[in-house]
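Undergrad: This is the structure I have questions about; it appears just below.
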Amino acid sequence: MDDDIAEIAAVKRALLRAGAQARLATGAADADAALAEGLPDLVIVAADCDGGGGLAFARRLAEDAATRALPVLLVGAGGAAGPGRAVARPVDPGLLADEVRALLARPGPAAPAAAAPPPAPE
């Protein structure tokens with residue numbers, strides 16, 4: 001999520017080169033609509049998007065039970081404390097790819113245990 005079109009295009013190119021798919025959002029409303037279609041493997045948020053609302057959006061993801069397990073990468077967070085990891089602007093494509101790989105390699109929440117099948121009739 002970023003409202004800087006040049007920056008979001010650069011991030012998308014870096015993700016595509018790293019073999020990832022990307023859905024773009026230019027604000028919190030767009031990002032919420034994308035999340036309603038299905039949860040991604042990772043969320044990248046420009047902290048200053050929507051006049052600083054990007055950081056608030058990332059915090060909301062971390063607080064919501066439905067999205068708190070999503071890895072979040074903040075872009076341009078500077079000294080702002082927020083959930084997830086952060087990279088500085090201007091975004092270095094190599095560093096971005098490294099951070100994305102590191103976040104995606106983290107183990108996710110444990111899946112619920114599958115129910116045991118009923119015993120076979122004798």
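The values are calculated or read from the model by the stated rules, or taken from the named source; none is laboratory data. Not measured: the values here are computed from a predicted model. Reconstructed Cβ throughout: ideal geometry from the backbone, glycine too, with neighbour counts over all protein chains shown. Heads up: the accessible areas ignore ligands, DNA and RNA and are worked out on the full protein's heavy atoms, side chains in. Shrake-Rupley method; radii C 1.70, N 1.55, O 1.52, S 1.80 Å.
Undergrad: Looking at (1) touching a residue at least 12 places away in the same chain (Cβ under 8 Å); (2) more than 10 Å from the chain's Cα centre (by Cα); (3) surrounded by 15 or more Cβ atoms within 10 Å (Cβ to Cβ), which is the one condition that is false for ARG13?
TA: (3)
Undergrad: Those residues that are under 13 Å from MET1 (Cα atoms), without any contact (Cβ under 8 Å) to a residue 24 or more places away in the chain and open to solvent by less than 80 Å² (accessible area, probe 1.4 Å), I need them from segment 16-28; list them, please.
TA: Step one: filter segment 16-28 for residues under 13 Å from MET1 (Cα atoms), giving 22-28.
Now narrow it down to the ones that are without any contact (Cβ under 8 Å) to a residue 24 or more places away in the chain: 22-24.
Passing the criteria: only ALA22.
Undergrad: From the list ALA58, ALA105, which one is within 15 Å of the chain's Cα centre (by Cα), open to solvent by 60 Å² or more (accessible area, probe 1.4 Å) and at pLDDT 80 or above?
TA: From the options ALA58, ALA105, the qualifying one is ALA105.
Undergrad: Next question. With ALA22, ALA69 as the choices, which residue is hydrophobic (A, V, I, L, M, F, W, C) and touching a helix residue (DSSP H, G or I) at 6+ places or on another chain (Cβ under 6 Å)? Before you say what the answer is, go through the steps one by one.
TA: Working: ALA69 fails: touching a helix residue (DSSP H, G or I) at 6+ places or on another chain (Cβ under 6 Å).
Step by step, each of ALA22, ALA69 is checked, and only ALA22 is hydrophobic (A, V, I, L, M, F, W, C) and touching a helix residue (DSSP H, G or I) at 6+ places or on another chain (Cβ under 6 Å).
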